[in-house]
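Engineer: I'd like to ask you about the structure that follows.
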Amino acid sequence: MTPRIHPSAIISSNAEVASDVEIGAFAIIGDNCVVPTGCIIAPRATLERNVTLGQNVQVGMGTILGGPPQDLKFAGEETTVEIGEGTVIREYTTINRGTSQSFKTTVGRNCLLMSYVHLAHDCHIGNNVILSNVAQLAGHVIVEDRVIVSGLCAVHQFVRIGRHSFIGGCSRVSKDIPPFLKAVGNPVRLYGLNTVGLQRSGMEEGTVRELKRAYRLLFRSDMNVTQAIERVQSEVESLPEVRELIRFLEESERGVVI
């Protein structure tokens, strides 16, 4: 199959480009980039260097992937950006390469990054994540599977966002967001279980019920964290999701939103 590559596109001689990709006008595919089958690179998009796309990734107009990290400690190490298959990256998004901390910035499979999203160096995004317009993530942020971050949110460096959580628009996230919960505000606060998201994902009603019980004990009681965890362990059914929520609290380094 003849590549659908516009004659004005610039492609490095050491980039790997599959035979069926579409590359628009004035797009740039830089050194050591991999663009496999089914990918679509819109006009004026740039893969600067060391970017590996999965199959069927779409990159929107004006997007820049693989730019150097905005970190004064960066000393020119060979670091990468990796995007999982089926992910859609819309217009004017920027994703920087990693630093020596993890040597890469990664986005999982089947994600949607809307316009003007920014992922700084060493961010690691899970599968089926939605980052809405102008979501801005600082360095070293971890976003687990099936998270939704609404528009105009700012996430502080080293924050971890647990899976199946939902962050409302215009939130400032400076601490960890536990899994399965909703959070919104500046500063951000918790507002109960992400019930709609959990139902849409097919979570069983009994599991949702036990997570609600755990939430009330952990975040809406007068107990300290240690006391609340002990109560959850003794009173709430020990489901994998409940144990995951407790483990997240125990492992949090920045502290969790309440």
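Engineer: Can you find a residue in segment 28-49 that is farther than 22 Å from VAL88 by Cβ, open to solvent by 20 Å² or more (accessible area, probe 1.4 Å) and not in a strand (DSSP E or B)?
Structural biologist: yes
Engineer: When the residues of segment 91-110 are filtered to those that are farther than 16 Å from GLN136 by Cα and under 13 Å from the mean Cα position of the chain (by Cα), which remaining residue is most open to solvent (accessible area, probe 1.4 Å)?
Structural biologist: ARG109
Listed here are the residues, each with its yes/no results for (1) touching a residue at least 60 places away in the same chain (Cβ under 8 Å); (2) over 28 Å from the mean Cα position of the chain (by Cα).
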position	(1), (2)
SER201	no, no
LEU211	no, no
THR226	no, yes
ARG231	no, yes
VAL242	no, no
ILE246	no, no
GLU251	no, no
ILE258	yes, no
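Engineer: I'd like the full set of residues that are in a helix (DSSP H, G or I) and surrounded by 18 or more Cβ atoms within 10 Å (Cβ to Cβ), limited to segment 218-239.
Structural biologist: Taking segment 218-239 first, the residues in a helix (DSSP H, G or I) are 218-219, 225-235.
LEU218, PHE219, ALA228, ILE229, VAL232, listed by residue number.
Engineer: Quick check: is even one residue across segment 117-136 surrounded by fewer than 19 Cβ atoms within 10 Å (Cβ to Cβ), under 15 Å from GLN157 (Cα atoms) and without any contact (Cβ under 8 Å) to a residue 24 or more places away in the chain?
Structural biologist: Yes, that holds for at least one residue.
Engineer: It is to be established whether one or more residues within segment 65-73 are open to solvent by 10 Å² or more (accessible area, probe 1.4 Å), touching an Asp or Glu at 6+ places or on another chain (Cβ under 7 Å), closer than 17 Å to CYS123 by Cα and among the aliphatic types (A, V, I, L, M).
Structural biologist: Within segment 65-73, the subset open to solvent by 10 Å² or more (accessible area, probe 1.4 Å) is 68-73.
Pick out the ones that are also touching an Asp or Glu at 6+ places or on another chain (Cβ under 7 Å) and you get none.
No, because not a single residue in segment 65-73 is open to solvent by 10 Å² or more (accessible area, probe 1.4 Å), touching an Asp or Glu at 6+ places or on another chain (Cβ under 7 Å), closer than 17 Å to CYS123 by Cα and among the aliphatic types (A, V, I, L, M).
Engineer: With the structure loaded, tell me whether THR94 is in contact with a His (Cβ under 8 Å, 6 or more places away or on another chain), within 20 Å of VAL57 (Cα to Cα) and not charged (D, E, K, R) or whether it fails that test.
Structural biologist: Working: in contact with a His (Cβ under 8 Å, 6 or more places away or on another chain): yes; within 20 Å of VAL57 (Cα to Cα): yes; not charged (D, E, K, R): yes.
So THR94 passes the test.
Engineer: Taking the options GLU48, GLU22, name whichever one is over 16 Å from VAL107 (Cβ atoms), modelled with pLDDT of 95 or more, in contact with a strand residue (DSSP E or B) (Cβ under 8 Å, 6 or more places away or on another chain) and of a type in the set (D, E, K, R).
Structural biologist: On the way: GLU48 fails: over 16 Å from VAL107 (Cβ atoms).
Exactly one of GLU48, GLU22 is over 16 Å from VAL107 (Cβ atoms), modelled with pLDDT of 95 or more, in contact with a strand residue (DSSP E or B) (Cβ under 8 Å, 6 or more places away or on another chain) and of a type in the set (D, E, K, R), namely GLU22.
Engineer: Taking ILE161 and the conditions (1) over 15 Å from VAL143 (Cα atoms); (2) open to solvent by less than 30 Å² (accessible area, probe 1.4 Å); (3) under 21 Å from the mean Cα position of the chain (by Cα); (4) of a type in the set (Val, Ile, Thr), which numbered condition does it fall short on, given that it satisfies the others?
Structural biologist: (1)
Results for (1) under 25 Å from SER132 (Cα atoms); (2) part of a loop (DSSP other than H, G, I, E, B); (3) of a type in the set (Gly, Ala, Ser); (4) touching a residue at least 12 places away in the same chain (Cβ under 8 Å), shown as yes or no for each residue.
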site	(1), (2), (3), (4)
ASN56	yes, yes, no, yes
MET61	yes, yes, no, yes
ASP71	yes, yes, no, yes
ALA75	no, yes, yes, yes
VAL81	yes, no, no, yes
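Engineer: State all residues of segment 206-231 that are of a type in the set (Asp, Glu) and either in contact with a Leu (Cβ under 7 Å, 6 or more places away or on another chain) or within 18 Å of ALA183 (Cβ to Cβ) (or both); if no residue qualifies, say none.
Structural biologist: Step one: list which residues in segment 206-231 are of a type in the set (Asp, Glu), which gives 210, 222, 230.
Result: GLU210, single match.
Engineer: Listed residues LEU119, LEU152, LEU131; which is on the phi > 0 side of the Ramachandran plot and aliphatic (A, V, I, L, M)? Don't jump to the end; show me each part of the working.
Structural biologist: Numbers: LEU119 fails: on the phi > 0 side of the Ramachandran plot; LEU131 fails: on the phi > 0 side of the Ramachandran plot.
That would be LEU152, the only listed residue that is on the phi > 0 side of the Ramachandran plot and aliphatic (A, V, I, L, M).
The values are calculated or read from the model by the stated rules, or taken from the named source; none is laboratory data. Note that the coordinates shown come from a computational prediction; the quantities given were computed from them, not determined experimentally. Don't worry about glycine lacking a Cβ; one is built from the backbone with ideal geometry, like all the others, and counts go over all protein chains shown. Calculation scope for accessible area: heavy atoms of the full protein, side chains included, ligands and nucleic acids excluded. Shrake-Rupley method; radii C 1.70, N 1.55, O 1.52, S 1.80 Å.
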